[in-house]
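Asks: Dropping a structure here in structure tokens format, bear with me for questions.
The numbers here are math on the coordinates, done by the rules we state, and not lab data. Just so it is clear, the structure is predicted and the values come from calculations on it, not from any experiment. Backbone-built Cβ (ideal geometry, glycine too); neighbour counts: all protein chains shown.
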Amino acid sequence: MSLTRQIEIDWQGETYVVTPSNALLRQIEMGGVSLAGLASGFASGQPQTFIFAYVLSRYLQSAGAENVSEDEVNSVLERMPQDKVVTIMKTVIATIVPMSSALPGKPVARGTAKGAGKKRRAKQKARS
């Protein structure tokens, strides 16, 4: 079972259904790619398409496109219109991180444990 969303990727005239499992994401990270770094670069407007080509090739391979290589993916991405590349990147990155933090300009919500601030203040008062 995967906790991520199933996506469809149209690639070279075929539609591939990808369900990024934890195992797939771990394999990509073990291949030397920081998925968080990839998402961060995209969100800050500095996507790294050559790294994304590796991630996309692994997604496609997991969906049955066994012979697709990262070099082939990179070559196709370079010739593709920029808006299509951005659409594919958004789709894939949305499976890596929560959608709200995958989009440029969206703040990441931060929370604290209930009462954590009170405990900290109590400790500070006890020290004085």
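Asks: Rounded, prolate or oblate, given the Cα gyration tensor of the stretch 13-90, with a/c below 1.5 counting as rounded? Display every interim value, and only then the final one.
Replies: Numbers: a/c = 1.61, a/b = 1.05, b/c = 1.53.
It comes out oblate by the Cα gyration axes.
Asks: Please state the shape class of the stretch 20-63: rounded when a/c is under 1.5, otherwise prolate if a/b exceeds b/c and oblate if not, all from the C-alpha gyration tensor.
Replies: It is prolate, given that a/c is not under 1.5 and a/b is the larger ratio.
Asks: Sticking with this structure for a sec: Would you mind putting 87-97, 42-52 in packing order, based on average other-beta-carbon counts within 10 Å, highest first?
Replies: Values: 87-97: 18.8, 42-52: 15.5.
The most tightly packed comes first, giving 87-97, 42-52.
Asks: Could I ask something else about it? Taking amide H positions as placed 1.01 Å from N in the peptide plane, with prolines and chain starts having none, which residues 5 or more places from TRP11, or on another chain, fall under 5 Å of its amide H?
Replies: Under 5 Å from the amide H of TRP11: TYR16.
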